[in-house]
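What follows is a set of notes on a single structure, which appears directly below.
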Amino acid sequence: MRQLPLCLALCCLAPVLASPQDSLASRLARLRQDLSTSGCLDEVPGIAKDSPAALVRGFQKSRGLPNEDTTRAVLGALIDYQLGPSPATLAALQRTHIKAGGTAAVAEDVCRCMYFIESSHGSLPEKVGQLAAVPPVAIGTFWAGRVLHEHNRWAGALEQYARALAADTSDPRTRLFYAIAFLNALRPGDAFEVLREIPGTWAPFTVSYWRARALLDLGRLA
């Protein structure tokens with residue numbers, strides 16, 4: 001009889017102690033009920049149709065995560081933030097990312113969600129600061145620069161892009177956005193120099209267009 005209260009307690013907790021698989025499946029079902037997503041999870045392979053198990057396998061492989069439990073935790077935190085953006089779900093997402101190793105691939109997912117979802121950040125400086133704090137530095141500061149860029153804050157955008165480029169000088173995406181910000185800030189010479197370092201095989205038509213824009217602004221019409 002002494003064990004009866006414990007049995008009752010465990011029965012009451014049964015829904016709370018649902019397996020991670022059931023938890024992720026439930027979250028995924030809720031996510032798929034709303035087809036009008038923010039763009040937050042668009043780059044997650046299989047998010048729209050894969051089974052939970054297949055989704056976990058694909059996400060673990062594409063993001064280089066160490067094990068299934070870590071993968072489920074990251075996916076769950078991303079979906080929670082998409083379903084209910086708030087300071088609490090944002091903080092949980094940031095903690096989960098760091099606990100999972102702070103990899104660049106997951107950082108892209110975290111920053112993309114923070115970029116597309118507006119309701120949990122407060123002011124623009126707060127959002128920029130939150131993004132810039134996402135590890136690794138080259139990813140977080142790039143997205144912080146992109147937010148400032150879209151708000152026409154050229155000086156701040158240039159500062160964040162410079163930090164991102166200092167952390168990873170080989171990233172052509174950062175170079176492209178850095179150059180565009182230089183053009184917006186009426187500094188075509190700096191833009192052209194930044195663009196010169198982008199390999200010719202990376203988005204050649206896009207890069208050529210912006211090189212031409214820089215040359216036009218420099219008066220080098222030929």
Contour excess over end-to-end distance, with Cα ends at THR169 and THR206 and 0.36 nm allotted per residue: 11.4 nm
Accessible surface of the stretch 91-140, 1.4 Å probe, proportion on carbon and sulfur as whole %: 64 percent
Charge dipole magnitude, Cβ of K and R +1, D and E -1 - the chain, Cα centre, debye nearest 20: 140 debye
Added length on full extension, which subtracts the Cα-Cα distance from 0.36 nm per residue, LEU215 to ALA88: 41.0 nm
Probe 1.4 Å, protein heavy atoms only - accessible area per residue of the chain in square angstrom: 54 Å²
Percent of alpha-carbon pairs separated by more than 27 Å within the chain: 45 percent
Cross-link partners of LYS49 among lysines (Cα-Cα below 18 Å; sequence separation of 8 or more within a chain): LYS61
Distance (nanometres) between label positions extended 7 Å along Cα→Cβ at ASN152 and SER26: 4.7 nm
Relative contact order computed over the stretch 103-158 (Cα-Cα under 8 Å; 6+ residues apart), in percent: 32 percent
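The values are calculated or read from the model by the stated rules, or taken from the named source; none is laboratory data. Remember, predicted model here, so these are calculated numbers, not experimental data. A quick note on method: Cβ atoms are made from the backbone with ideal geometry, for glycine too, and the neighbour counts reach across all protein chains shown. To get the accessible areas, we keep the full protein, side chains included, count just its heavy atoms, and leave off ligands, DNA and RNA. Shrake-Rupley method; radii C 1.70, N 1.55, O 1.52, S 1.80 Å.
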